Amino acid sequence: MKEKIILNKTEDDSLTLYLPEYDENTHTIHGAYTEALNKHIIPSGICNKSGDLCILDIGFGLGYNILALLDSFYTRSFSSLRIISFEKEKGIADYLDMVEFNDKRDDLYVMVKDAFNKGSFSNDKIKIEICFGDARQNIKKINLKNSVDAVFHDPHSPGKNSELWTINFFKHLQACMKDDAYLTTYSFAPQIRYGLVKAGFFVGSWTGNCFEKEGTIASKSIFKDCFSDDYIRLLEADKRSTPYLDNETMDLEREIIRINRIEAAKKRKELIQQV
Ligand SMILES: C[S@@+](CC[C@H](N)C(=O)[O-])C[C@H]1O[C@@H](n2cnc3c(N)ncnc32)[C@H](O)[C@@H]1O
């Protein structure tokens, strides 16, 4: 029997989706909406920017990153906000209808749901576009060179959703970003941080918000508090830091994991021989 998608309540009362494909909730159980705000919107620094803004959202899920962004911009001045969100799972529309906050976020969520149901939403200042399908293919189709102000990189965990954590995919994201844009992600795993470095990013961590675990930020340009060369050398020497690579000929994330295991074993051997 096919396992069902389930909605679970998290500690801040917002709902999360359990997706059987990943055997994982789409958010932390410690607070789904709080996670969107604290792991993406705040560390990205997007709220300090104004003018015409463009945001890439990797993994729409329940659309909380978009909602938290809209809520944060509610009282701010900006010219226009364009949000492009990638999502491969179309069968979650009914679950979006069950999301309720009982405050002004419900009005904003109408725009998010409308975008998901119709493929896009726009008013005089806000445009939300949903690119359905595999983000690896869609990233090659959108023409966004050097024009994105923030990337919310929010797939499922690296071991289960590895196709979106590869050097190849990071390079595509990097090409879309402006020099002063940040990519934010919740993972602090060495293979992810080193994968970002190998894709050409300067990388650092964010800490100090309401979650105990640190996350990662990355930019095309050097930034205050990004990791030092010494730290990157340590990362390179870490036997856990073999990044994911997509051979781009197969459509199987399992293949990426398999290649990663082979490469990681090779690296471990090399490190042992160096001792
Ligand atoms: C952790 S959830 C995202 C949560 C979401 N950002 C939110 O605010 O609610 C990850 C999402 O990425 C989607 N996803 C996974 N692999 C994908 C792929 N290759 N292309 C597009 N979307 C993908 C999943 O279907 C899932 O909805």
From the list Leu56, Leu70, exactly one residue is modelled with pLDDT of 95 or more, more than 11 Å from the chain's Cα centre (by Cα) and within 13 Å of the ligand (Cβ to nearest atom). Which is it?
Leu70
Pick out the one residue from Thr26, Thr10, Thr75 that is of a type in the set (Ser, Thr, Tyr), closer than 29 Å to Leu144 by Cα and in contact with a strand residue (DSSP E or B) (Cβ under 9 Å, 6 or more places away or on another chain).
Thr26
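Conditions tested, residue by residue: (1) in contact with a Cys (Cβ under 8 Å, 6 or more places away or on another chain); (2) within 16 Å of His40 (Cα to Cα); (3) among the β-branched types (Val, Ile, Thr).
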{"position": "Phe169", "(1), (2), (3)": "no, no, no"}
{"position": "Ala175", "(1), (2), (3)": "no, no, no"}
{"position": "Lys178", "(1), (2), (3)": "no, no, no"}
{"position": "Tyr182", "(1), (2), (3)": "no, yes, no"}
{"position": "Thr185", "(1), (2), (3)": "no, yes, yes"}
{"position": "Gln191", "(1), (2), (3)": "no, no, no"}
{"position": "Tyr194", "(1), (2), (3)": "no, no, no"}
{"position": "Lys198", "(1), (2), (3)": "no, no, no"}
Is there a residue in region 77-89 that is over 15 Å from the mean Cα position of the chain (by Cα), within 16 Å of the ligand (Cβ to nearest atom) and among the hydroxyl-bearing types (Ser, Thr, Tyr)?
no
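If I go through region 142-186 residue by residue, how many of them are among the aliphatic types (A, V, I, L, M) and near the ligand (Cβ under 9 Å from one of its atoms)? Explain how you work it out, then say what you get.
First, pick out the residues of region 142-186 that are among the aliphatic types (A, V, I, L, M): 142, 144, 148, 150-151, 164, 167, 173, 175, 177, 181, 183.
Among the residues that remain, those that are also near the ligand (Cβ under 9 Å from one of its atoms) are: 164.
Number of matching residues: 1.
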Which members of region 121-141 meet the condition of being surrounded by fewer than 19 Cβ atoms within 10 Å (Cβ to Cβ), closer than 14 Å to Ile84 by Cβ and more than 10 Å from the ligand (Cβ to nearest atom)?
Ser122, Lys127, Glu129, Lys140, Lys141
Closer than 22 Å to Lys178 by Cβ and surrounded by fewer than 17 Cβ atoms within 10 Å (Cβ to Cβ) - does that describe any residue in region 54-73?
yes
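Look through region 142-183, keep the residues that are among the basic types (Lys, Arg) and out of contact with any strand residue (DSSP E or B) (no Cβ under 8 Å at 6 or more places or on another chain), and return whichever of them is surrounded by the most Cβ atoms within 10 Å (Cβ to Cβ). Outline the logic, then answer.
Here is the first cut: in region 142-183, the residues among the basic types (Lys, Arg) are 145, 160, 171, 178.
Remaining after also requiring out of contact with any strand residue (DSSP E or B) (no Cβ under 8 Å at 6 or more places or on another chain): 145, 171.
Numbers: Lys145: 10, Lys171: 16.
Among those residues, the one meeting the criterion is Lys171.
The values are calculated or read from the model by the stated rules, or taken from the named source; none is laboratory data. Quantities reported herein were computed from a predicted structural model and do not represent experimental measurements. Here the Cβ is made from the backbone with ideal geometry for all residues, glycine too, and neighbour counts use every protein chain on show.
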